[in-house]
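What follows is one structure encoded as structure tokens, with my remarks underneath.
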Amino acid sequence: MDGLRAEPNRDSEMISAILYGRNDSYGYNLHKRAALSLNCIAEVLTDPQDEILFVDYNTPDDYPTFPEAIQDTLTDRAKERTRILRVRSEFHSRYRNRTHLLALEPIARNIAIRRSNPENRWVLSTNTDMIFVPNAGASLSDKVGDLSNGYYHLPRFELPETFWETFDRKDALGTIDAIRRLAPATHLHEIVLGAPFIRFDGPGDFQLIQRDDLFRIYGFDEDMLLGWHVDSNIAKRLYLIYGKVGDLTDHVFGYHCDHTRQVTPAHRRDSVANDMNVFIDAVTEPEKRSQAETWGCPGEEIEEIRLTRTRNWAYLNGLKTVIKEEMSEPTVAAYVPETCDKVSYSAPHILPFLADIFVNVPPGTSIGWIGAHREMFELFDALWRQMDFGGPIFILDEFKPALSNGKNTEDNDNGLNARDVKTIHDEADALIFDFYTEDSPDQQRAAGSKEIQDLVLKKLLEFVYLERVRLAQNLPPRRFVCVNAIHNRFESVVNDLIGVARTPFSSRIRQGFVSLPEIRVKEIEVTDWSGQMSVGSAGVKLGSQLWAKRGNSGNVLLGPLTRPDPGVYRVKLKVRPDMPQHLKVANWLIPKFFLRGLAVTIVIIAGEIEFARKEVSGADLTRGVVSLEFEVKPADFLRSASTDLQMIIWTGGLYAFCVERIEVDHRPALDA
């Protein structure tokens, strides 16, 4: 084991503090205790080479990292010291079948260790709820300068939640001084001992380890994916090297901001944990040889973010750069029924809302652009280049003439990337559909604007169908962003097809992911259309029952006005002949031409497309069930545009009958 040891480099005593987390609300008052911790840790790291590496693990791609989200509560010193290593959700997908956890400690810590400053001798593995109080002054860096080889732990002193909540999160020195005074006065100093190889209970909140040792034993054990005991495992492995645990209690105290007022999944009494028999008791050598070539993902590019220049900064500065003129006065738009389908938008007004959706996307994200509003496209394209973290923007071929504005349209930095539907579907990571309309009294221009809108709508339907095929293959969903899709004829279509948020009218944007998640979890969707049907002139509603009146000719029921999704539909109407006595009409009162007419007809249509027609006889009504089947092909879905699927039940007045239920099962068509 002596071969694993190395004499300390006395010229290189600096510290890389390793922490991890994600942008969520894990545990009580997370933002405050984390800000307190990061600010106080930064305060005690006094060497210019000291650093804080925060691994932001599996924060949703739409969100900023956790340190970015709380940066306004961090001190300048903490911002300067902190390097953020962003591990995206796609990375975590490789572990989802092996763990219930959303953040994986050994993976995160190893990624940080691999990318830590190689000049630093020490790695401090700790957490975002710890505050360190040196016994004199405010420098932890000074305390480690003369340490001999080994690894070092601290006892953990608990701070009750109300106790740490009293501190000002941005006053790091004041917090350290207050704890130094108040902790002994309130009798908080209790040392809780543990097993010999960890020495103190809760060792993971302060593990000072030589960086060289971590590389020699191949980091933390990346098989420990169920939570708990990751700290004890590496302590046991280091103990096998040194045979003892160093204690820094004479130099510094460590205080833990307790957060069990709210019970988190990890702190439940029945929480899952890594097996101590496997990962502690059975450990007989320090090296984790099975991960020697892979620990810390050495060959993978991990996104690094500095709080001194965040994407928020790039967004705001980019907006100021590309929008050339300030508003002289507020614009006015009326969000009232009379203006429905008559409201346009201003591109400079929409740009901040549109760009906001993409501020936190992964580097290299590519966008498909479907629309013809040149000013909106050029502003967004300029801002996209200004922010300098995205990939290419592909425009659909059909809109190239409108967007080119005389540019060289070859695929180069100064031109436009025009592509067909299939290429954009294959290459784009997100899609923007612009339903811009010119607010113009010129009828010819207005007609041309409507024609472009209809083309955008047709392409939206096409991309939605292709996306559903993609989702059925268990590929990750892509964001669909629809501009000018509020308070007009496109809103209901977009709301039906995409799981949108109810965004404010002023944004003009509806955005989200293609809906119909049920396609992914079950083969057949069974629905009841009865409650969605409207009563026609020949129908009457009695309570919850829908009746066709004898002696009346016309539509009995119409509906349900639903999206004609591709697939095979089987419709089963449960019917009952006859009628309540007070609604009956004697046969001799029914004109003879009614008797010569059709009894009952069922038609299913969407716009001009007729999918099914069935003539229903009296015998069918007596049997109590009327069935029919029809298919909506992908081409029909694309042709139907903004129209809805509708069933019409018509009667010639010969029979009285009740429609008790309309059951529909839909077998989705998912083949391209």
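Label sites at Ser617 and Asn317, each approximated as a point 7 angstrom past Cα along Cα to Cβ, lie 8.1 nm apart. In a reduced charge model with +1 at each Lys and Arg Cβ and -1 at each Asp and Glu Cβ, the chain shows a dipole moment near 2640 debye about its Cα centre.
Here the residues Cys40, Cys340, ranked from fewest to most Cβ neighbours within 10 Å of their Cβ, fall in the order Cys340, Cys40.
Label segment 311-521 by shape, choosing from rounded, prolate and oblate, from the square roots a ≥ b ≥ c of the eigenvalues of the Cα gyration tensor; if a/c is under 1.5 it is rounded, and otherwise prolate applies when a/b is larger than b/c, oblate when it is not. Rounded. Label sites at Gln545 and Phe630, each approximated as a point 7 angstrom past Cα along Cα to Cβ, lie 2.8 nm apart.
Antiparallel beta bridges, as assigned by DSSP with both residues in the chain, represent about 70 percent of the total such bridges. Only lysines eight or more places from Lys170 in sequence, or on another chain, were considered; those with a Cα closer than 21 Å are Lys32, Lys79.
Each other residue within a Cβ distance under 12 Å of Leu546 adds +1 if Lys or Arg and -1 if Asp or Glu, for a net charge of +4. Shown is the FRET efficiency for Asp420 and Thr308, computed with R0 = 41 Å from the Cβ-Cβ distance and rounded to the nearest 0.05: 0.45.
In the chain, helices alone account for a calculated mean residue ellipticity at 222 nm of -8000 deg cm²/dmol, with every DSSP H run of four or more residues adding -39,500 (n - 2.57). You can think of it this way: the chain between Asp146 and Thr527 has 129.8 nm of extra reach, that is 0.36 nm per residue less the Cα-Cα gap. Rg/Rh for the chain stands at 1.11; both radii use Cα atoms, and Rh follows the Kirkwood definition.
Short-range pairs are left out: with C-alpha atoms under 8 Å and at least six residues apart, the relative contact order of segment 235-367 is 29 percent. Once the Cβ-Cβ distance of Glu80 and Ala136 is raised to the sixth power relative to R0 = 25 Å, the FRET efficiency obtained is 0.55. Pairwise Cα distances in segment 129-225 exceed 16 Å in 67 percent of cases. Computed extension length for Thr162-Phe215: 15.1 nm, one decimal, from 0.36 nm per residue of separation with the Cα-Cα distance subtracted.
Here the contact order of the chain, divided by its residue count and restricted to Cα pairs under 8 Å and six or more residues apart, works out to 11 percent.
With both labels modelled 7 Å from their Cα along Cα-to-Cβ, the Asn29 to Asp177 distance reads 2.2 nm. Which stretch or stretches of segment 555-570 have amide N atoms under 20 Å from the point lying 7 Å from Asp665's Cα along the Cα→Cβ direction? In segment 555-570, the label zone of Asp665 (backbone N under 20 Å from the point 7 Å along Cα→Cβ) covers 565-570. With R₀ fixed at 30 Å, the C-beta to C-beta distance from His187 to Glu119 puts the FRET efficiency at about 0.10.
Extension gain for Asp281 to Ser346 (0.36 nm times residue separation, less C-alpha to C-alpha distance): 16.7 nm.
Taking a ≥ b ≥ c as the square roots of the eigenvalues of the Cα gyration tensor of segment 13-298, is the shape rounded (a/c under 1.5), prolate (a/b larger than b/c) or oblate? Judged from the Cα gyration tensor, segment 13-298 comes out rounded (a/c under 1.5). Under 19 Å of direct C-alpha separation, and excluding same-chain neighbours fewer than eight residues apart, Lys244 reaches these lysines: Lys236. Going from the residue with the fewest nearby Cβ atoms within 10 Å to the one with the most, Ser148, Ser346 rank Ser148, Ser346.
Taking 25 Å as the straight-line reach from the Cα of Lys574, the lysines in range (excluding those fewer than 8 positions away in the same chain) are Lys522, Lys541, Lys549, Lys584, Lys614.
Computed from the coordinates by the stated procedures, all read-outs in this text should not be read as laboratory data. Remember, predicted model here, so these are calculated numbers, not experimental data. Every residue, glycine as well, gets a Cβ built from its backbone with ideal geometry; the counts of neighbours run over all protein chains shown.
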